[in-house]
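**Student:** Below: one structure in structure tokens.
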Amino acid sequence: MAESFVQSKLSPSKVTMFEKSSCPFCIRAKGILKKYKFKEGHLEIINIANLDIMSSLQDYFLKTTGERTVPRIFIGEKCIGGCSDLTQLDGSGELEKLLISIGALE
């Protein structure tokens, strides 16, 4: 169930972030992503905190990405990691290049 839920949210031209809205790292990551002008429908932020499958989602993240924590951020269908990874990509200028390369920006 968790795998099919995650896979159904991913797309080659979209950024998908799984979060818990009260998590300070998720809030920081969301702030970084909101600096960019995404095309309509190319950024999806999914709050998993109130989902019945939250624990199984985090177990799936651990199995597939090596981390159980949120945020789990996918650029296209590849997980780039969490907040510290996103911060590093943004600081180096690589994040914008990745977003352009998948066609997510206006």
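**Student:** Restricting attention to the stretch 16-31, does a residue exist that is acidic (D, E) and loosely packed, with under 14 Cβ neighbours inside 10 Å?
**Tutor:** Here is the first cut: in the stretch 16-31, the ones acidic (D, E) are 19.
Within this subset, residues satisfying the condition of being loosely packed, with under 14 Cβ neighbours inside 10 Å are none.
No, every residue in the stretch 16-31 fails to be acidic (D, E) and loosely packed, with under 14 Cβ neighbours inside 10 Å.
**Student:** Something else: Can you tell me which of (1) among the small types (G, A, S); (2) surrounded by fewer than 17 Cβ atoms within 10 Å (Cβ to Cβ); (3) touching a Pro at 6+ places or on another chain (Cβ under 9 Å) is the one S8 doesn't meet?
**Tutor:** Unmet for S8, out of (1) among the small types (G, A, S); (2) surrounded by fewer than 17 Cβ atoms within 10 Å (Cβ to Cβ); (3) touching a Pro at 6+ places or on another chain (Cβ under 9 Å): (3).
**Student:** Might you let me know whether the stretch 36-56 holds any residue that is in a loop (DSSP other than H, G, I, E, B), of a type in the set (V, I, T) and in contact with a Lys or Arg (Cβ under 8 Å, 6 or more places away or on another chain)?
**Tutor:** yes
**Student:** Moving on. Output the number of residues of the stretch 65-95 satisfying the condition of being within 15 Å of K9 (Cα to Cα) and not in a strand (DSSP E or B).
**Tutor:** Of the residues in that region, 3 qualify.
**Student:** Quick check on G76: is it touching a residue at least 24 places away in the same chain (Cβ under 8 Å), at positive phi and either surrounded by 14 or more Cβ atoms within 10 Å (Cβ to Cβ) or under 13 Å from the mean Cα position of the chain (by Cα) (or both)?
**Tutor:** Yes: the conditions hold for G76.
**Student:** May I pose another question? Criterion first (of a type in the set (A, V, I, L, M) and without any contact (Cβ under 8 Å) to a residue 40 or more places away in the chain) does I48 satisfy it?
**Tutor:** It is true that I48 is of a type in the set (A, V, I, L, M) and without any contact (Cβ under 8 Å) to a residue 40 or more places away in the chain.
**Student:** May I ask you to list the residues in the stretch 1-26 that are touching a strand residue (DSSP E or B) at 6+ places or on another chain (Cβ under 8 Å) and in a loop (DSSP other than H, G, I, E, B)?
**Tutor:** L10, K14, K20, S21
The numbers here are math on the coordinates, done by the rules we state, and not lab data. This structure is a prediction, so every number in the text was calculated from the model and none was measured. FYI the Cβ positions are ideal-geometry reconstructions off the backbone, even for glycines, and counts take in every protein chain you see.
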